[in-house]
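Participant: Below is one structure. I have some questions about it.
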Amino acid sequence: MNVFHQAIAERVLILDGAMGTLLQERGLPPGGCPEEMNRVAPDAVVGIHAEYAEAGADILIANSFGGNREKLANYGLEGAVDELNRRAVELARKAGRAGIFVGGSVGPTGRFVEPVGDAGFDEMIDIFAEQVSSLAGAGADLISFETFLDIRELRAGVIACRDVCDLPIIAQMTFDDAGRTVLGTPPAAAAVTLDALGADVIGSNCGLGIDGIHDVLAEMRQVTPRPLIAQANAGLPILKDGQTIFPGTPEEMTAYHERLVALGVRVIGGCCGTTPKHIQVLRAALNGYPQSWTPPPRRAFLSSRSAIAEFGGDAPCALIGERINPTGKKGYTEELRSGKTAYIRREATAQVAAGADLLDVNCGAPGVDEAEALERAVYAASGASSAPLVIDTSDPIALEQALKAADGKVLINSVNGEAKSLARVLPLARRYGAALIGLTLDEGGIPETAEGRVAVARRIHEAVLAAGLPEQDLVIDCLTLTVSAEQKRALETLRTLRLVRDQLGLATALGVSNISFGLPSRPILSSVFFAMALEAGLKVAIINPKDERMMDAYRSAMVLLGYDQRAESYIADYADQVMPAQPLIGQDAPSADIRQRLSAAIIGGDNEGIVALVELALQDGMDAMAISNQGLLPGLEEVGRRFADNRVFLPQVMQSAATMQSAFGYLKKVMAGQTGPSLGRILMATVEGDIHDIGKNIVCTLLENYGFDVIDLGKNVPAARILEVALAEKVDAVGLSALMTTTLQQMDVTLGKLREAGVKVFTMVGGAVVSQEYADSIGADIYARDAIEGVAKLKQLLGVGNLE
């Protein structure tokens, strides 16, 4: 056991507090690079570390948070990655006493990973591998990933870390007060994904005070036995006497100690606004306090960006929708060959609406580049539905491409008992944090008897454990053979289900509908076999959830087997006749009014089909303005409502926005350069000293979609420049963004300059560290928590609706 692992098993460790604000007090200029202080002011960095060590910190986090080449490039320092990161570790080590752990800090790059952003997954792995290699080479005891907003970016970081070193990993995301990251990931989904990747400690930092962090960690504890970490802010920032301060007292931060320890939090530290005094009080509050903890039993979960699904153990049988498979589907096969994804998105939506918990994705067809097709399919299915995915391929190259494209922890379909299959698939499952379906066949084919299949399952089980994967993540497919050809083997399959459950203690799976292949009225036979398999302990069923007979059997069995308590789900499904779910994609509603179809295409993010619908609307006599106001914008308004209700999240919003842009782009061509009326001219900028512009860019995109003219000045923009452009362009409103607590004050400075110059414009502020209270204190007209809210409030303030 690593020394760090031993330490957190024995006691709760105290991690240090904020670095950036203390560096500013000691010479870091506004807008300066914190990591450059390792080179130009090493004594200041050592002094801060020494104060935290004296206060009682067990872990000192090196001054390397922005030490990746993407962040350093903002200061012309991209060539100094190795130097600055090595110096960061050395300075922390110099300040620490014997027994103190030094952690290398790794923060986000400031870019989103595709398809939401423009960064490639392999590119991200390379960026993080470079930084982590330097931190590990300098002698860091652990690597701490902090303040991540994009689960795919954090996945790349953890994978990179595992590739280049074997140091313990702390992995943290930042959540808002609604309990989600900017891209819609809840704590449970983050925890499932990070647990599967092998992060040693999981948790949350920044964004929330100690009460909010506690709630986040309580949700994480429901799905992972890993040790947790809490790094809360000292309350939420406020402006006082022209300075940004965090009002949380050291004593207030200890109020949740007892509950945190009970949750299994093994590392407690501070984030924005915390000081050595906070750390001293945190340490004192733990002295003499019982700190023993026993991890809960491991359970099996899968995750997407925004949801989780449990399988095996005491959970009811999980349903895998089987219809995203080209076998017998000529239309889908043609789409795969042409690079389209409409069928995938349509079936993902429809199968989940019908009851699927998971979605099987298969792209294996003649004439198809399976690796490229599977990557597209994963993006499409993830965008259309929140259900976790099952990657169905026998091609290891395609499998790895799909694993890179996934947002969370997926289920690989499949590995088998052949040595070459195990050798190819298990390392991929370990590297990318995936669960496995194990087929009970090997070089000798499918064993005739249940005992033979159990023997294969046992070998797969042993190989999975040897590869370092948890047994809970292995599902054994006992193999359904068609009863029309081998009638006796149906009962052998049911016997195998029971033996695998009773002898190996593993979850089981079946492709249920295979049983009736070649027979008439297949759903009758398949549904009866399904019920029998459920009684025999089936835990994962691959079925067509749109087949009502199969779903009838499933819902009934869940009542009879005791999973559906008080028959609540059964009653909800059958008390009234449920109308079939309507697809969101426009082409699948040919009888709908063209306006409704345009709206549905925007809601569903149908970028492939939107232009054809716009053409159809033009042929029906609608002009460009009517298409926008009566078809496109109502769809985007509905996306906004669903976003506000947490029914869709930022990736889906961005897909809808991209679809909107495609429609507008085509309309502009049709209008031959003519320009329609504008809702207003908006100037957008990230304030001076702040190099983060992701949120601001999203606001710009949505404003343009709604008909505003947007002037985007970019990031790190001086107040004087904002004033100059506001005057020259005669803008109606100025929007300012800030992500860093150290740059909040620049919002006040900028608004002050606008007022001093007599510029009569509305002002809007937003960003991760901005609050309504802060916006009020600096006299901003609008505070926007997110892009959708910003657009709605700006339209209301300017007194404009959709374009007329």
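Participant: Condition first: part of a helix (DSSP H, G or I), open to solvent by 40 Å² or more (accessible area, probe 1.4 Å) and either modelled with pLDDT under 95 or basic (K, R) (or both). Now tell me which residues in segment 556-586 satisfy that.
Facilitator: Within segment 556-586, Q565, R566, E568, S569, Y570, I571, A572, D573, Y574 meet the criteria.
Participant: Kindly provide the set of residues from segment 507-539 that are outside any helix (DSSP H, G or I), hydrophobic (A, V, I, L, M, F, W, C) and open to solvent by less than 10 Å² (accessible area, probe 1.4 Å), ordered by number.
Facilitator: If the condition is that a residue be outside any helix (DSSP H, G or I), hydrophobic (A, V, I, L, M, F, W, C) and open to solvent by less than 10 Å² (accessible area, probe 1.4 Å), then A509, L510, A536, L538 are the ones that fit.
Participant: Anything in segment 1-35 that is farther than 30 Å from G264 by Cα and surrounded by fewer than 18 Cβ atoms within 10 Å (Cβ to Cβ)? List them, or say none.
Facilitator: Once the filter is applied, which keeps residues that are farther than 30 Å from G264 by Cα and surrounded by fewer than 18 Cβ atoms within 10 Å (Cβ to Cβ), segment 1-35 yields Q24, E25, R26, G27, P29, P30, G32.
Participant: Under 8 Å between Cβ atoms, at least 6 apart or on separate chains: pull out the pairs that start in segment 622-644 with a residue that is under 22 Å from S306 (Cα atoms) and end on any residue that is among the charged types (D, E, K, R).
Facilitator: F643/D786; A644/E789
Participant: What pairs can you find where one residue is in segment 138-167 and on the phi > 0 side of the Ramachandran plot, the other is in a loop (DSSP other than H, G, I, E, B) and at pLDDT 95 or above, and their Cβ atoms are less than 6 Å apart, with a gap of 6+ or different chains?
Facilitator: T147/G107; T147/T174
Participant: When the residues of segment 767-785 are filtered to those that are under 25 Å from the mean Cα position of the chain (by Cα) and open to solvent by 40 Å² or more (accessible area, probe 1.4 Å), which remaining residue is nearest to T147 (Cα to Cα)?
Facilitator: Here the answer is A768.
Participant: Identify the residue in segment 542-554 that is outside any loop (DSSP other than H, G, I, E, B) and free of Cβ contacts under 8 Å to residues at least 60 places away in the same chain and, among all such residues, is most open to solvent (accessible area, probe 1.4 Å).
Facilitator: Here the residue is R549.
Participant: I need the full set of residues from segment 394-416 which are over 20 Å from V223 (Cα atoms) and open to solvent by 10 Å² or more (accessible area, probe 1.4 Å), in order please.
Facilitator: Listed by number, the residues that qualify are S394, D395, P396, I397, E400, Q401, K404, N413, S414, N416.
Participant: Give just the number: which of (1) more than 15 Å from L422 (Cα to Cα); (2) open to solvent by 10 Å² or more (accessible area, probe 1.4 Å) does L441 not satisfy?
Facilitator: The number of the failed condition is (1).
Participant: Go through (1) among the hydrophobic types (A, V, I, L, M, F, W, C); (2) under 22 Å from S386 (Cβ atoms); (3) modelled with pLDDT of 85 or more; (4) surrounded by 19 or more Cβ atoms within 10 Å (Cβ to Cβ) one by one and return the number of the condition A617 breaks.
Facilitator: Just one mismatch for A617, condition (2).
Rundown of residues vs (1) in a helix (DSSP H, G or I); (2) at pLDDT 95 or above; (3) open to solvent by 60 Å² or more (accessible area, probe 1.4 Å), yes/no style:
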site	(1), (2), (3)
M220	yes, yes, no
E258	yes, no, yes
A262	yes, no, yes
V267	no, yes, no
S306	no, yes, no
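Participant: Can you pull out every residue in segment 444-475 that is surrounded by 21 or more Cβ atoms within 10 Å (Cβ to Cβ) and within 23 Å of the chain's Cα centre (by Cα)?
Facilitator: If the condition is that a residue be surrounded by 21 or more Cβ atoms within 10 Å (Cβ to Cβ) and within 23 Å of the chain's Cα centre (by Cα), then D473 is the only one that fits.
Participant: While we're looking at this one, here's another question. Answer yes or no: is there a residue in segment 45-68 that is surrounded by fewer than 18 Cβ atoms within 10 Å (Cβ to Cβ) and more than 23 Å from G270 (Cβ to Cβ).
Facilitator: No - not one qualifying residue is present in segment 45-68.
Participant: How about segment 40-140: which helices (runs of 4 or more DSSP H) wholly inside it have at least 2 residues that are among the acidic types (D, E) and over 24 Å from D200 (Cα atoms)?
Facilitator: In segment 40-140, the matching helices (runs of 4 or more DSSP H) lie at 42-55, 81-95.
Participant: Between a residue in segment 521-538 that is closer than 20 Å to T508 by Cα and any residue that is assigned to a loop (DSSP other than H, G, I, E, B) and open to solvent by 10 Å² or more (accessible area, probe 1.4 Å), which pairs come within a Cβ distance under 8 Å, given they are 6 or more apart or on different chains?
Facilitator: From residues that are closer than 20 Å to T508 by Cα, the pairs are S526/D547; S527/D547; F529/T480; F529/V483; L534/L561; E535/L561.
The values are calculated or read from the model by the stated rules, or taken from the named source; none is laboratory data. These numbers come from a predicted model, not from an experiment. Reconstructed Cβ throughout: ideal geometry from the backbone, glycine too, with neighbour counts over all protein chains shown. For accessibility, only protein heavy atoms count, side chains too; no ligands or nucleic acids. Shrake-Rupley method; radii C 1.70, N 1.55, O 1.52, S 1.80 Å.
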